[in-house]
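J.: This structure is in structure tokens; I'll ask about it shortly.
The values are calculated or read from the model by the stated rules, or taken from the named source; none is laboratory data. Every value quoted in this text rests on a predicted model; they were computed, and no experiment measured them. Methodologically, a virtual Cβ is constructed for each residue, glycine included, from the backbone with ideal geometry; neighbour enumeration extends over all protein chains shown. The accessibility values were calculated without ligands, DNA or RNA, using every heavy atom of the protein model including side chains. Shrake-Rupley method; radii C 1.70, N 1.55, O 1.52, S 1.80 Å.
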Amino acid sequence: MTVAIDRATGKRRGDRAPRPGLGQRVRNGYQKYWYAYAMIAPVVVVLGVLVGYPLVRGLYLTLTDANSLNSARTIGVNHIDATYKFIGLDNYKDILFGPTAYDRFWSHFIWTIAWTVLCVALHYCVGLGLALLLNQKLRGRTLYRLLLVLPWAVPTFVTVFGWRFMLADSGIINTALDALHLPAPLWLEDTFWQRFAAIMVNTWCGVPFMMVSLLGGLQSIDASLYEAAEMDGASAWQRFRYVTLPGLRSVSSTVVLLGVIWTFNQFAVIFLLFGNTAPDAQILVTWSYYLGFGQQPRDFAQSAAYGILLLAILIVFTSFYRRWLNRNEQQLAI
């Protein structure tokens, strides 16, 4: 075998050049992509200030016993230094395994899971039904779309306050039930009806987004697939099951994931509907707010610990959800 050697360098032809070091690679990347780095630098700075610093600060607070009595504060012209101490993972132990763990965490965790599952299921089912209806050739279809999108377009606090007025004891809903000689529930007082009302209001707010997203997915499905299925004698249910649902798989996976994240952290509906008057209807995010800002003394450390636990739960769920989707897609490809 003959090996060709470059006489000028003494290297064999075909040999790979040695890989540059990390510093050299960084310099080469900066020289090549400096414009892209300059464009994303403001976004990185803003995210670091608005997201990164609060997250790191909150994580640090979870390892202390910080509250409104031992934190740094200014009263008039007097500045009082912080006196809270580093306690490690004691806050997490107290939240998850302490003597009041069920009342303070696990009961709210179970209700949050039930709230998320029920709301997302209703969002998807009702949204898909409306999307299928609006995907048909109907007279006045544009007007129907506009009316159904309105709950999403109106600011959430306006919608929730409107529902709160309607659900009051003397509101329009109970007045109508009284006129029909039907029992009028205590929507804003009884725990069961508080939860029912919260799910109902959140469904009203969340269905339009799901409907619009799924309608876009329906319109992207090739019409020839329906024609072929109809020629093969497929019924309406079979066309829905074997053409519509597979065609919506990518859209459905995305909107369900977004729906779970948004609903799990849905602060506005619960807080604006009940405030601090419904302890058993609070989900984890509103309960975290109550611990940090709705009681005296305000428990900053425990509130921050709830926030970190919420983040961890969502990260774990998202990881398993994406892995489950990828495994299903691989099985379908086979």
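Residue-wise test of (1) within 26 Å of Tyr290 (Cα to Cα); (2) modelled with pLDDT of 70 or more; (3) more than 29 Å from the chain's Cα centre (by Cα).
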| position | (1), (2), (3) |
| --- | --- |
| Ile5 | no, no, yes |
| Val26 | no, yes, yes |
| Val51 | yes, yes, no |
| Ala66 | yes, yes, no |
| Asn70 | yes, yes, yes |
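J.: Further question: Scan segment 168-201 for residues that are aliphatic (A, V, I, L, M) and closer than 18 Å to Ile283 by Cβ and jot them down. Can you show your working first?
T.: Taking segment 168-201 first, the residues aliphatic (A, V, I, L, M) are 168, 172-173, 176-177, 179-180, 182, 184, 186, 188, 197-201.
Within segment 168-201, Leu188, Ala197, Ala198, Ile199, Met200, Val201 qualify.
J.: Related question: Can you name the helices (runs of 4 or more DSSP H) wholly within segment 178-289 that have at least 3 residues being surrounded by 17 or more Cβ atoms within 10 Å (Cβ to Cβ) and in contact (Cβ under 8 Å) with a residue 24 or more places away in the chain? Talk me through it step by step, then tell me what you get.
T.: Values: elements: 191-219, 223-231, 236-239, 249-264, 268-274.
Qualifying helices (runs of 4 or more DSSP H): 191-219, 249-264, 268-274.
J.: Can I ask one more? Assess whether Ala301 counts as being crowded, with 19+ Cβ neighbours inside 10 Å, in a helix (DSSP H, G or I) and in contact with a strand residue (DSSP E or B) (Cβ under 9 Å, 6 or more places away or on another chain).
T.: On the way: crowded, with 19+ Cβ neighbours inside 10 Å: yes; in a helix (DSSP H, G or I): yes; in contact with a strand residue (DSSP E or B) (Cβ under 9 Å, 6 or more places away or on another chain): yes.
Against the criterion (crowded, with 19+ Cβ neighbours inside 10 Å, in a helix (DSSP H, G or I) and in contact with a strand residue (DSSP E or B) (Cβ under 9 Å, 6 or more places away or on another chain)), Ala301 qualifies.
The rows are residues; the columns are (1) loosely packed, with under 11 Cβ neighbours inside 10 Å; (2) within 30 Å of Trp152 (Cα to Cα); (3) in contact (Cβ under 8 Å) with a residue 24 or more places away in the chain; (4) of a type in the set (Lys, Arg).
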| site | (1), (2), (3), (4) |
| --- | --- |
| Ile80 | no, no, no, no |
| Leu89 | no, no, yes, no |
| Tyr92 | no, no, yes, no |
| Phe97 | yes, no, no, no |
| Thr112 | no, yes, yes, no |
| Val117 | no, yes, no, no |
| Val126 | no, yes, yes, no |
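J.: I'd like to know if segment 132-154 contains one or more residues that are in contact (Cβ under 8 Å) with a residue 12 or more places away in the chain, surrounded by 16 or more Cβ atoms within 10 Å (Cβ to Cβ), in contact with a Cys (Cβ under 9 Å, 6 or more places away or on another chain) and not hydroxyl-bearing (Ser, Thr, Tyr).
T.: Yes, segment 132-154 contains at least one residue that is in contact (Cβ under 8 Å) with a residue 12 or more places away in the chain, surrounded by 16 or more Cβ atoms within 10 Å (Cβ to Cβ), in contact with a Cys (Cβ under 9 Å, 6 or more places away or on another chain) and not hydroxyl-bearing (Ser, Thr, Tyr).
J.: Please state which one of Trp111, Trp163, Trp106, Trp152 is over 28 Å from Leu245 (Cβ atoms) and touching a helix residue (DSSP H, G or I) at 6+ places or on another chain (Cβ under 6 Å). Let's see the steps before the verdict.
T.: Working: Trp111 fails: touching a helix residue (DSSP H, G or I) at 6+ places or on another chain (Cβ under 6 Å); Trp106 fails: touching a helix residue (DSSP H, G or I) at 6+ places or on another chain (Cβ under 6 Å); Trp152 fails: over 28 Å from Leu245 (Cβ atoms).
One residue alone meets the criteria, Trp163.
J.: Could you go through segment 156-173 and let me know if any residue there is in a loop (DSSP other than H, G, I, E, B), closer than 28 Å to Ser107 by Cα and open to solvent by 80 Å² or more (accessible area, probe 1.4 Å).
T.: Filtering segment 156-173 down to residues in a loop (DSSP other than H, G, I, E, B) leaves 168-171.
After this cut, where a residue has to be closer than 28 Å to Ser107 by Cα as well, the list is 168-169.
After this cut, where a residue has to be open to solvent by 80 Å² or more (accessible area, probe 1.4 Å) as well, the list is 169.
Yes: segment 156-173 contains one or more residues that are in a loop (DSSP other than H, G, I, E, B), closer than 28 Å to Ser107 by Cα and open to solvent by 80 Å² or more (accessible area, probe 1.4 Å).
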